[in-house]
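The block underneath contains the structure these notes are about, expressed in structure tokens.
The values are calculated or read from the model by the stated rules, or taken from the named source; none is laboratory data. Every value quoted in this text rests on a predicted model; they were computed, and no experiment measured them. Every residue, glycine among them, receives a Cβ derived from its backbone with ideal geometry; neighbour counts consider all protein chains shown. Remember, those area values only see protein heavy atoms, side chains included, never the ligands or the DNA or RNA. Shrake-Rupley method; radii C 1.70, N 1.55, O 1.52, S 1.80 Å.
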Amino acid sequence: MEFNKNQSSTKAYVLGALIITVSLVIIGVSMSYAYFVNRIEEVNPDNKDVRIYSGDLVMNFASTRTINATAVGLINDSDITTTAEHTDFSVTLPSDAKVDSALYNIFITELNISDNLKSPYLKWSLYNGDASVASGDFENVGTKTTLNLKENITINKGSTDSYILYIWLSNDPDNNQTQLLNGSFSGKVGFRGVTK
């Protein structure tokens, strides 16, 4: 009788160990799949030429994925394309993609902004070519760490959309803005393919 109890206990132990092992394998496979669907590849340590993938879509950065506006001066809105902090990037749906067209969203993630810059004077503008396609400010950002810039952008197979994101402190000659000059801002540009 004693032998049967030990045998039952051993079977229960082996079954429990098998269930835990299978669970860990399933979790590992799921995490690997998520990594390969949305992965970041750093080509060099200066954070330049970063590529981000979302399914078939590819986001390429000409300069850096991170954008900073720390201790910057006030800029007239008319001068942003020559003076403002910016990052250049593109989104491509390659000609060998599995779909004929796709939708994607562009956003700023890992947003870190000092309280004094949460104002209508810290502005952003997303350019496609020579025209602004979306713009706004950081007045109501609150404690959010992600800010959507533009959503549901359509791209066709074999196409590339080129963008420049500008961030600047807007000069208002009618108001005292000295409280803005010691703030800090940083964030990373990101994108996500969305279902049609």
Looking only at segment 89-123, count every residue that is within 28 Å of GLY142 (Cβ to Cβ) and of a type outside the set (Val, Ile, Thr) and tell me the total. 18
Among GLY187, GLY193, GLY183, which is touching a residue at least 12 places away in the same chain (Cβ under 8 Å), within 24 Å of THR64 (Cβ to Cβ), in contact with a Leu (Cβ under 7 Å, 6 or more places away or on another chain) and outside any strand (DSSP E or B)? GLY183
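Each row is one residue, and each column tells you yes or no for (1) outside any strand (DSSP E or B); (2) in contact (Cβ under 8 Å) with a residue 60 or more places away in the chain.
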position: ALA102; (1), (2): no, yes
position: THR109; (1), (2): no, yes
position: ASN116; (1), (2): yes, yes
position: SER119; (1), (2): yes, yes
position: SER135; (1), (2): no, no
position: GLU139; (1), (2): yes, no
position: ASN148; (1), (2): no, no
position: GLU151; (1), (2): no, no
position: SER162; (1), (2): no, yes
Considering segment 120-153 alone, what residues qualify as being touching a Ser or Thr at 6+ places or on another chain (Cβ under 6 Å) and of a type in the set (S, T, N, Q)? SER125, SER132, SER135, THR146
Give me a count of the residues in segment 60-112 that are touching a Phe, Trp or Tyr at 6+ places or on another chain (Cβ under 7 Å), of a type in the set (Gly, Ala, Ser) and crowded, with 17+ Cβ neighbours inside 10 Å. 2
Residues of segment 115-140 that turn out to be of a type outside the set (D, E, K, R) and open to solvent by 30 Å² or more (accessible area, probe 1.4 Å), as a count: 11
